[in-house]
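A short worksheet on the structure shown next.
The values are calculated or read from the model by the stated rules, or taken from the named source; none is laboratory data. Every value quoted in this text rests on a predicted model; they were computed, and no experiment measured them. Heads up, the Cβs are rebuilt from the backbone with ideal geometry, glycines too, and the neighbour counts pull from every protein chain shown. Heads up: the accessible areas ignore ligands, DNA and RNA and are worked out on the full protein's heavy atoms, side chains in. Shrake-Rupley method; radii C 1.70, N 1.55, O 1.52, S 1.80 Å.
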Amino acid sequence: MARCIATWLMAEQGVRKAHELLINGHASAEALLKIIQEVENDERFVSVARGGLPNRDGYVQLDGAFMDGNDLRFGAVMAMEDIASPIAVAYKLKDRDANNILAGIGAKEYALKNGFEEVNNLTDKAKKRYLEKTENDPLKAYDGHDTVGAIVIDDSGHMTVGTSTSGLFYKDNGRIGDSPLIGSGFYADSEVGGAAATGMGEDIAKGCLSYRIVELLREGFNINKATKTAVDELVGRLERSGIKARDISVIALDRFGNYAAYSNITDFTFCIDDDEKGVRVLRLGFDENGDQVYSEADEAFKRSWLENES
């Protein structure tokens with residue numbers, strides 16, 4: 001069953017376009033790239049690619065990754081500057097026999113040698129917010145840090161996963177979160193399923209969270225139990241060490257096209273395509289028993305979320 005899922009409301013248009021590709025027989029990787037590049041190219045979103053907020057030194061450094069669930073090949077870039085699409089560079093890197101993960105100037109040089117255009121990702125809007133930050137609150141990092149992560153399975157059962165982010169606003173130069181780290185920010189195995197994470201990368205990486213979800217699926221957990229168990233395990237482990245877990249949210253697909261999401265925060269959103277109901281944006285919350293529930297995001301919520309994000 002062809003299906004795609006992606007983190008956050010910002011992926012809605014990309015998921016709609018990917019859904020059309022899938023129902024017309026296009027491959028998983030093509031649909032996945034469409035989802036993520038739609039977000040990367042949209043300057044409204046201040047946590048991904050062009051328009052992303054800069055680090056302490058005023059530079060936009062981008063991370064991204066791609067993984068093929070059929071043969072487990074992957075590519076990733078970290079702290080890459082002046083290239084518009086981390087996911088596209090990561091996708092190309094996955095075909096190499098070695099040197100599949102490149103960082104900093106090495107990632108940029110590889111991209112330029114392979115035909116990617118050099119661009120200035122720092123928009124006037126992002127620069128203005130950076131200058132306001134340095135003047136008014138120079139010691140704290142901005143709390144918003146939303147990775148676009150997506151998982152796609154096509155009609156042949158081929159699964160792919162990818163991520164793209166500009167990371168924490170006002171992060172240290174060269175800081176890397178979970179998004180480009182295989183097993184933490186993303187993982188896919190077409191024989192089992194795939195997962196992607198968003199939130200505070202330093203906490204997500206402590207549990208290799210995406211790999212843990214896939215392995216729980218391999219052990220026979222259903223998709224809902226796998227996502228809940230993996231997040232709750234990590235949150236509990238951190239709490240036993242005296243650490244309060246920060247934002248952790250995940251999405252997952254199994255090899256049958258079943259989907260799930262789980263989070264330790266309210267109002268995490270994700271986009272899913274459905275043959276009967278079309279593309280929907282779902283919002284996570286909690287019922288009176290403390291159990292997590294999904295509801296469809298209405299237009300008022302969407303407007304409010306987009307205004308806050310941009």
Projected onto their principal axes, the Cα atoms of the chain stretch, largest extent first, over whole-Å spans of 48, 45, 40
Within segment 70-108, DSSP-loop trypsin sites (Lys or Arg not before Pro) with at most 13 other C-beta atoms within 10 Å are ARG96
The convex hull of the Cα atoms of segment 218-306, divided by residue count, gives a volume in Å³ per residue of 125
Of all GluC sites (Glu not before Pro) in segment 54-120, the ones in DSSP coil with at most 10 other Cβ atoms within 10 Å are GLU117
Computed over the Cα atoms of segment 207-268, the Rg and Dmax in Å are 11.7, 38
D (µm²/s, integer) via Stokes-Einstein for segment 17-144, Kirkwood Rh across alpha-carbon pairs, 37 °C, 0.692 mPa s: value 210
Which of LYS17/LYS94; LYS34/LYS127; LYS133/LYS171; LYS34/LYS92; LYS206/LYS244 exceed 18 Å between C-alpha atoms? The answer is LYS17/LYS94; LYS34/LYS127
Largest first and rounded to whole Å, the semi-axes √(5λ) derived from the alpha carbon gyration tensor of segment 52-121 read 22, 12, 10
Output for segment 135-286 (equivalent-ellipsoid semi-axes, sqrt of 5λ from the C-alpha gyration tensor, Å, descending) is 26, 17, 15
So the FRET efficiency between PHE286 and ASN114, C-beta based with R0 = 35 Å and rounded to 0.05, is 0.15
Among the DSSP H helices of the chain, those whose Cα atoms extend at least 20 Å along the helix axis and whose mean Kyte-Doolittle hydropathy is -1.0 or higher are 223-240
Heavy-atom accessible area of segment 201-310 with neighbours in place, 1.4 angstrom probe: carbon+sulfur share in percent works out to 44
Averaged per residue, the 1.4 Å probe accessible area of segment 21-60, protein heavy atoms only, in Å², is roughly 38
Heavy-atom accessible area with a 1.4 angstrom probe orders GLU38, GLU276, GLU239, most exposed first, as GLU276, GLU239, GLU38
Per the helix-only model, the chain has a calculated mean residue ellipticity at 222 nm (DSSP H runs of ≥4, -39500 (n - 2.57) each, divided over all residues, rounded to the nearest 500) of -9500 deg cm²/dmol
